[in-house]
Amino acid sequence: MPCCIETPRLKLRPWRTEDFEPFARLNASAEVMRYFPRTLTQAESHALMQKFQSLIELNGWGFWAIELKQAQRFIGFCGLHFQPDMFEFSPCTEIGWRLDAKYWHQGYATEAAEACLHFAFEHLKLNEVAAFTAQQNQPSERLMQRLGMQHQGYFDHPKLDRDSPLLAHALYRITPADFLKNRGECGLNQSIRIEQAQNPAIPE
């Protein structure tokens, strides 16, 4: 059964048909996609949303849609994804996020990512979670550091061309012990509620 995660300001939930348009706009934004190889077409964005929802249906978790609770508005996604064999450090479970630029610098990504790490360690009982981003993406690296993740070095992303300026990626990892320590030191002790999603709508 798919899970929902609630934080003080956010709901991380399965995807809905009405998420398609704002997700497509997010993926078409040059600002949001600055550290990705390119922006996505509407068709590519829809296919990605369907993939995310299918994995949530299969596993009960994945890359969830983020809803701003007060406004009931979609603002991006955050969650966990198992990588069995793609990387030299596979198998691993990665954490990732992508938010509409209008909602940057308000603590939403940190709030959502902390909740996902809580889910990873308290409910999935993972021993470690990884995160990675293009070496140029300093904002994402700073978020990883705020979460208590530890820098492990750099690797070449296997899906990028050898001449891509985004080829080199920074790798971070975090263990349950590091997560608990960081929550205590940084005051990231927000209220987190995890529940089963009710009748999630699967995008067509």
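Annotations for the structure displayed:
- The overall shape of the chain, judged from the alpha-carbon gyration tensor, is rounded, with an a/c ratio under 1.5.
- q = 0.11 Å⁻¹, the range 83-185: log10 I(q)/I(0) [Debye, one scatterer per Cα]: -0.34
- Computing Rg and the Kirkwood Rh from the Cα coordinates of the range 10-71 gives a ratio, Rg/Rh, of 0.98.
- Residue-averaged [θ]222 nm for the chain, counting only DSSP H segments that reach four residues, each worth -39500 (n - 2.57): -9500 deg cm²/dmol
- Straightening the chain between TRP104 and GLU122 buys 3.7 nm, computed as 0.36 nm per residue apart minus the Cα-Cα spacing.
- The range 11-114: C-alpha gyration tensor shape, a/c 1.5 cut-off, then a/b vs b/c: rounded
- Cα principal axis extents for the range 52-104, largest first, Å: 40, 24, 12
- With a Förster radius of 22 Å applied to the C-beta separation of ILE194 and SER90, the computed FRET efficiency comes to 0.25.
- Surrounding net charge for GLY107, when Lys and Arg each add one and Asp and Glu each subtract one, Cβ distance under 12 Å: 0
- Dipole of the chain computed with +1 at Lys/Arg Cβ and -1 at Asp/Glu Cβ about the Cα centre; of ALA30, ILE56, LEU160, farthest Cα towards the positive end is ALA30.
- Here the chain is assigned +1 on the Cβ of each Lys and Arg and -1 on the Cβ of each Asp and Glu. Its dipole about the Cα centre then comes out at about 440 debye.
Taken together, the values in this text are just the output of simple stated rules run on the coordinates, not laboratory data. For clarity, every value in this text was computed on a predicted model and none was experimentally measured. Please note: Cβ atoms are built from the backbone with ideal geometry, for glycine as well, and neighbour counts cover all protein chains shown.
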